[in-house]
1. Just checking, does the stretch 161-169 include any residue being at pLDDT below 95, farther than 14 Å from residue 212 by Cβ and under 15 Å from the mean Cα position of the chain (by Cα)?
2. Looking at residue 99, is it part of a helix (DSSP H, G or I), under 24 Å from residue 191 (Cβ atoms) and among the charged types (D, E, K, R)?
3. Tell me, yes or no, whether the stretch 35-42 has at least one residue that is among the hydroxyl-bearing types (Ser, Thr, Tyr) and within 15 Å of residue 152 (Cα to Cα).
4. Taking the stretch 109-134 on its own, how many of its residues are within 17 Å of residue 148 (Cβ to Cβ) and in contact (Cβ under 8 Å) with a residue 40 or more places away in the chain?
5. Output the residues belonging to the stretch 196-213 that are surrounded by 13 or more Cβ atoms within 10 Å (Cβ to Cβ) and touching a helix residue (DSSP H, G or I) at 6+ places or on another chain (Cβ under 9 Å).
6. State whether one or more residues within the stretch 66-83 are charged (D, E, K, R) and farther than 15 Å from residue 153 by Cα.
7. Counting just the residues of the stretch 47-61 that are part of a loop (DSSP other than H, G, I, E, B) and not aliphatic (A, V, I, L, M), which one comes out farthest from the chain's Cα centre (by Cα)?
8. Enumerate the pairs (first residue in the stretch 179-207 and in a loop (DSSP other than H, G, I, E, B); second residue anywhere and of a type in the set (Ser, Thr, Tyr)) with beta-carbon separation below 9 Å, excluding pairs fewer than 6 apart on the same chain, so at least 6 apart or on different chains.
Amino acid sequence: MHPPSGEEPCIPKSKIQNLKSKMAHQPPPTLLTPQFETALTLAYRLHAQQRRKDQTPYIAHLLSVTALVLENQGTEAEAIAALLHDAIEDQGGAPTRDRIQAEFGDEITAIIDGCTESDAHPKPPWPERRQTYLQQIKAASPSVRLVALADKLHNARSLLQQLQQQALQRDLQQQGQSIWTQFSGGQDGTLWFYQAFLDLYAEPAPPSFQPMLQELHQIVHQLKTLA
């Protein structure tokens, strides 16, 4: 029932107190300093020529992962690590790591190290690389696990979107190469990896992780349905 015109709705005092309590316990917003701007510029310069599997400029992925970190109570250090989480692996290996450490320090470098599968070229075989990465994340710090979760959530979102578009194209045109052929692990290996990654977060995770975990669970279910 709506209140009569001109009257304010009556909100129970208990609800007001609960809302005040929740607001009082929320962490302060993350403040970004010029160091974040420096990292943003470096991320752009390092990845300027790199593309995603769908040919999107790679910086779009880095910005999306960073946004997820900040939206889920990440610190500036975690946000900077999100911007640069693929820099060592994809853009120069050890020399790039040395540059990041010199410019941003040990804390940020350690988070990026934790998110890096391999800085070797050529990279180790896909199964070996993924198994090593899963063990690395299992023992990782909360900061590494936050950035890794944001990374995998955005990757899964992108994959789901591509599969949905492919399904539509097939309905309309009855053609198109399978998206799964673009992935080193193929369909079975990729789905296994996402499930194994989720399993690492089965133990109680910080409340800030929950929205991303829930969405990733839903996306992995949808990916399995479309496979």
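The values are calculated or read from the model by the stated rules, or taken from the named source; none is laboratory data. Because the structure is a prediction, the values reported are computed rather than measured. Here the Cβ positions follow ideal geometry from the backbone for every residue, glycine too, while neighbour counts run over all protein chains shown.
1. Applying the first criterion (at pLDDT below 95) to the stretch 161-169 yields 161-169.
This time we only want the ones that are farther than 14 Å from residue 212 by Cβ, so: 161-169.
Checking the rest, the ones that are also under 15 Å from the mean Cα position of the chain (by Cα) come to none.
Looking through the stretch 161-169, none of the residues is at pLDDT below 95, farther than 14 Å from residue 212 by Cβ and under 15 Å from the mean Cα position of the chain (by Cα).
2. Numbers: part of a helix (DSSP H, G or I): yes; under 24 Å from residue 191 (Cβ atoms): no; among the charged types (D, E, K, R): yes.
Judged against the criteria, residue 99 is not a match.
3. Checked the stretch 35-42: no residue is among the hydroxyl-bearing types (Ser, Thr, Tyr) and within 15 Å of residue 152 (Cα to Cα).
4. 2
5. Once the filter is applied, which keeps residues that are surrounded by 13 or more Cβ atoms within 10 Å (Cβ to Cβ) and touching a helix residue (DSSP H, G or I) at 6+ places or on another chain (Cβ under 9 Å), the stretch 196-213 yields 196, 197, 198, 200, 201, 205, 208, 209, 211, 212, 213.
6. yes
7. 49
8. 183/190; 184/190
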